[in-house]
1. Taking the Cα centre of segment 19-139 as origin, sum charge times position over the Cβ atoms of Lys and Arg (+1) and Asp and Glu (-1), and report the length of that vector in debye to the nearest 20.
2. Shape verdict for segment 19-139, please, from the Cα gyration tensor: rounded (a/c under 1.5), prolate (a/b greater than b/c) or oblate.
3. Report the one residue of Asn86, Pro72, Leu98 whose Cα lies farthest in the direction of the positive end of the charge dipole of segment 19-139 (charges on C-beta: Lys and Arg +1, Asp and Glu -1; origin at the Cα centre).
4. Can you give me the long-range amide H partners of Leu17? Hydrogens built in the peptide plane at 1.01 Å from N, cutoff under 5 Å, separation of 5 or more residues or another chain.
5. Can you list the lysines whose alpha carbon is less than 18 Å from that of Lys112, not counting same-chain residues fewer than 8 positions off?
Amino acid sequence: MAFTYDANDIRMASTGLEFGGEYNVKVISAEFKGKTKNGNDYATVRFEVLDGDQQGAQITHVFMDDAETERPFRYREINAMLAGMNYQGSGQMTLQSLMPQIINQQLAVKVKKFEKSTNDEGRIYYNPRIEDFGKYMASGSKSDKQNPRPSNDVNSQPTNGGFNPADQGMTPPPMAPQGDPFGGGF
């Protein structure tokens, strides 16, 4: 297989989203996974950023059909995604029948947070969390440089999970006096 040299296309391949923001994406894979422990159908969809400085980055999202539960709400994400794609279907459907239909569809997603997860070896990952779906943006993707993905380096992670009381307008509690049996000084 041959390729064409392009001096303007030299960014190193990265599959991880580096910043929150609003991104034009395309569905590159959509797979029905079966049932959750609670008996709800679920599927994973992988999106790829189409433009901007994060072009090529991938975002994976899990969709769940909880429409049959007492207090359904997760199925609405599926509807929001389909609305962003200008989906023309209607009526009842299943995740299993829907997933093959959405491959290569384009829409926009908004990422505000990165969720912390740990693999079996104890390595920490921060995965982008899709907060909203919308229509493809003619103006292009926009990274939020003020919202970088946290570092995966365990040694650089704060011990308190990143919570800073001062960021919330709170005053941190005073230090416990040493030797106080109720102050935590063991």
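1. 120
2. Taking the square roots of the gyration eigenvalues as a ≥ b ≥ c, segment 19-139 is oblate.
3. Ranked along the dipole, the leading option is Pro72.
4. Gln58
5. List returned: Lys135, Lys142, Lys145.
Only the coordinates and a few stated rules stand behind these numbers; no lab work does. Source: prediction; values computed, not measured. With ideal geometry, Cβ positions are generated from the backbone for all residues, glycine too; neighbour counts draw on all protein chains shown.
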